[in-house]
1. Output the residue which, of all residues in segment 18-39 that are surrounded by 10 or more Cβ atoms within 10 Å (Cβ to Cβ) and either out of contact with any helix residue (DSSP H, G or I) (no Cβ under 8 Å at 6 or more places or on another chain) or more than 15 Å from A95 (Cα to Cα) (or both), is modelled with the highest pLDDT.
2. Kindly check whether there is at least one residue in segment 122-144 that is within 14 Å of E46 (Cβ to Cβ) and at pLDDT 85 or above.
3. Output yes when any residue across segment 47-61 is at pLDDT below 75 and part of a helix (DSSP H, G or I), and no when none is.
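The values are calculated or read from the model by the stated rules, or taken from the named source; none is laboratory data. Bear in mind that the values here come from a model prediction, so they are computed numbers and not experimental data. Cβ: placed from backbone, ideal geometry, glycine included. Neighbour counts: every protein chain shown.
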Amino acid sequence: MIVTEAVPTDEQLREYAAELDPLYRDILAAYVFAEPNRQRGGGVFESTLRNFLQNMAFAVRANLPVVLRPWPVGRSPYKFSRAIDEYTDEEFSAAVDRLIEHGFIGPRDPNGPGPLIPTPVGERLIDLVAGKAESSKELPDLPKPMWR
């Protein structure tokens, strides 16, 4: 017998995202803002996520304006918390482990530190948390080539 995992609806995932602790929200949003050129299905190293969040917390603590360049296309502003300040590196890793256990991030590389790759449901959750703007634009048609 093959057991398949239930896929949450957009509404269920939206409700779930609203209940997330700021630490988890920040970790997920960091996928977009720490690596603005990351493609769907691409991973980010845990150290990159942690360092990015520590830098964001420093900026928030010091009341510095946070300007992320390049701003990821199709993303609305995300206000990072200072949640990272409240956790040790070990606790941060444990939080990442929980995201893995819940199926939002794929398993760690057994051969050592490797990128943490979001699952398809994890990508959807990242989009919700990081404010991916829904595109309502339709691509224009190309003109018919004259030589055909």
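1. Going residue by residue through segment 18-39, those that are surrounded by 10 or more Cβ atoms within 10 Å (Cβ to Cβ) are 18, 20-36, 38.
Checking the rest, the ones that are also either out of contact with any helix residue (DSSP H, G or I) (no Cβ under 8 Å at 6 or more places or on another chain) or more than 15 Å from A95 (Cα to Cα) (or both) come to 18, 32-36, 38.
On the way: A18: 92, V32: 87, F33: 84, A34: 86, E35: 85, P36: 79, R38: 87.
Ranking the qualifying residues of segment 18-39, first place goes to A18.
2. First, pick out the residues of segment 122-144 that are within 14 Å of E46 (Cβ to Cβ): none.
No, every residue in segment 122-144 fails to be within 14 Å of E46 (Cβ to Cβ) and at pLDDT 85 or above.
3. Looking only at segment 47-61, we keep the residues that are at pLDDT below 75, and these are 60.
Of the ones still in play, those that are also part of a helix (DSSP H, G or I) are 60.
Checking segment 47-61: at least one residue is at pLDDT below 75 and part of a helix (DSSP H, G or I).
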